[in-house]
Amino acid sequence: MATVYIDNVSAASGLPEDDALTLWCKAALGDVNTDAELSLRIVDDPEMHELNLRYRGKDRSTNVLSFPAELPDGIDIPLLGDIVICAPVVASEATEQHKSLTAHWAHMVVHGTLHLRGYDHIDEDEALAMEALETHILTGLGFPAPYDTQQD
């Protein structure tokens with residue numbers, strides 16, 4: 001069974017419970033990564049801004065960053081990597097996109113976990129495949145399709 005380590009250092013209120021975060025990660029892992037281990041860190045703007053600048057060269061905060069584990073050859077452990085989610089950005093986006101906060105949190109967790117599994121959205125074909133999988137996972141969890149423009 002997958003293991004999700006949660007580290008919440010955000011001062012934000014209204015954050016999802018650890019059980020929900022774990023459920024969403026495991027849903028995105030599916031049956032292919034049943035022994036996977038990953039960490040999920042919830043942060044505020046200053047830490048996310050610093051990480052986004054350091055690792056992506058973008059001088060602003062962002063919603064989610066994923067850091068897949070880069071294990072040396074010969075090391076065979078189920079470590080998948082780390083996800084960092086910025087609570088204030090998620091809350092702001094949920095409001096701007098007319099989505100429930102819980103649905104947007106679920107989307108960001110699923111999105112970040114899929115990045116750890118190797119999915120990306122750099123080109124259009126990859127983006128369409130990743131979006132379809134996100135939609136399948138999230139609707140399976142009872143959430144609206146994440147790319148619908150109005151969800152109120």
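Any read-out appearing in this document is the output of simple, stated calculations on the displayed coordinates, not a laboratory observation. The structure displayed is predicted, hence computed values, not measured ones. When we count neighbours, we look across all protein chains shown, and the Cβ atoms used for this are built from the backbone with ideal geometry, even at glycine.
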Any hit, region 81-88, residues being farther than 19 Å from residue 103 by Cα and free of Cβ contacts under 8 Å to residues at least 60 places away in the same chain: yes
Which numbered condition residue 135 misses (of (1) in contact (Cβ under 8 Å) with a residue 24 or more places away in the chain; (2) farther than 21 Å from residue 81 by Cα): (1)
Any hit, region 36-55, residues being in contact (Cβ under 8 Å) with a residue 12 or more places away in the chain, among the aromatic types (Phe, Trp, Tyr) and within 15 Å of residue 143 (Cβ to Cβ): no
Search result, residues across region 93-138 that are more than 16 Å from the chain's Cα centre (by Cα) and part of a helix (DSSP H, G or I): 95, 96, 124, 125, 126, 128, 129
Among (1) farther than 20 Å from residue 131 by Cβ; (2) in contact with a Pro (Cβ under 7 Å, 6 or more places away or on another chain), the one test that residue 75 misses: (2)
Residue match in region 7-20 (condition: crowded, with 16+ Cβ neighbours inside 10 Å and either among the aromatic types (Phe, Trp, Tyr) or in contact with a His (Cβ under 6 Å, 6 or more places away or on another chain) (or both)): no
Flag if residue 94 is surrounded by fewer than 22 Cβ atoms within 10 Å (Cβ to Cβ) and touching a helix residue (DSSP H, G or I) at 6+ places or on another chain (Cβ under 6 Å): yes
